[in-house]
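Chemist: So that we are looking at the same thing, I have put the structure below in C-alpha cells.
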Amino acid sequence: MDPRSLLADAARDALTFWLPVACAGCDALDTALCEGCRRALAPQPVRRVLAPELTVTSALVFAGPTARIIRGLKEEGRTALASALAPALRAVLGAIPPEAVITTVPSTRAAFRRRGYRPVELILRRAGHRDQRVLRLRRAPRDQRGLDRDARRLNVGGAFVARGVTGLPVVVVDDVVTTGATLLEAARALRDAGAATVVAVTLAHTPRRGGL
C-alpha cells in the first residue's frame, strides 16, 4: 500500500476524530457511529444481472442509516466511516480469484478536488485491497443524480477507457448501483481493452420498485 495514501488517510481520520461528532446514521450525539447503525452495515449480499454479459453483487441496501453513512463519507468528509463500511465490501469481494484485477470506477477530477480523496478507493483500501486503476475517464460525465435510465446511459456512453487487462479477469468496484449504466459502460471499456471476464461489485444497491 502506498505510504503517502496511508499518511493522508491517517491525517483525515485524526481531523474527523477531533471535530464534534454525531452518529452518521441517526444523529445520536458523541459517537461517530452508534451500535445500532453499525449493525445496519452487516452485509446482505444481493446479486443482480445488469445485462447478459454483466452481473453485480452488492453488499448493502442504499436506504435508511446505510444511505446516510455512505453520504457522510462521500459528501461530508467523514473518512473514518470507510473503516466501518469496509467489512461489507470485503464480504462481497471474498470469492474473487487471486489473479483478478480489482479496479474502481474513477472519480472525476472535479469530484477529487472537492473531496480530496476517492471514496470507493478509500473503502477498498480499508477492505484490504488495492485499486489497480486500469480504468480512466476519457471525458467527465454529468452527475447522474436526477437522470432517468436512458439519460444515465447516454451520459456515461464512451466516458471510460481501460488498459493493462488483456487476458485477465477484472472486478470493477463502485459505491452504489442504481440503473447500472455506469458499471455497464465501465465493463464495456474493460472488455474492449481485452479483459477475459468482467464482474461488478458495489458497496450498496438502490432498491427498485417491485424488488430486484
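The values are calculated or read from the model by the stated rules, or taken from the named source; none is laboratory data. Predicted, not measured: the structure shown is a model, and the values here were computed from it. As a convention, Cβ positions derive from the backbone with ideal geometry for all residues, glycine included, and neighbour counts pool all protein chains shown.
Chemist: Considering (1) among the polar types (S, T, N, Q); (2) within 21 Å of the chain's Cα centre (by Cα); (3) at pLDDT 90 or above, say which one Thr31 fails and leave the rest.
Modeler: (2)
Chemist: Another question, if that's okay. Identify the residue in region 100-123 that is touching a strand residue (DSSP E or B) at 6+ places or on another chain (Cβ under 9 Å) and aliphatic (A, V, I, L, M) and, among all such residues, is farthest from Val165 (Cα to Cα).
Modeler: This residue is Ile123.
Chemist: Among the residues of region 100-123, count how many are aliphatic (A, V, I, L, M) and farther than 15 Å from Leu183 by Cβ.
Modeler: 6
Chemist: Also: Would you mind finding the one in Gly36, Gly64 that is exposed (fewer than 15 other Cβ atoms within 10 Å of the Cβ), in contact with a Pro (Cβ under 8 Å, 6 or more places away or on another chain) and farther than 27 Å from Ala186 by Cβ?
Modeler: The match here is Gly36.
Chemist: Within the bounds of region 122-142, is there any residue that is free of Cβ contacts under 8 Å to residues at least 24 places away in the same chain and crowded, with 20+ Cβ neighbours inside 10 Å?
Modeler: Within region 122-142, not a single residue is free of Cβ contacts under 8 Å to residues at least 24 places away in the same chain and crowded, with 20+ Cβ neighbours inside 10 Å.
Chemist: Anything in region 87-110 that is part of a helix (DSSP H, G or I) and within 14 Å of the chain's Cα centre (by Cα)? List them, or say none.
Modeler: Scanning region 87-110 gives Pro87, Ala88, Leu89, Arg90, Ala91, Val92, Leu93.
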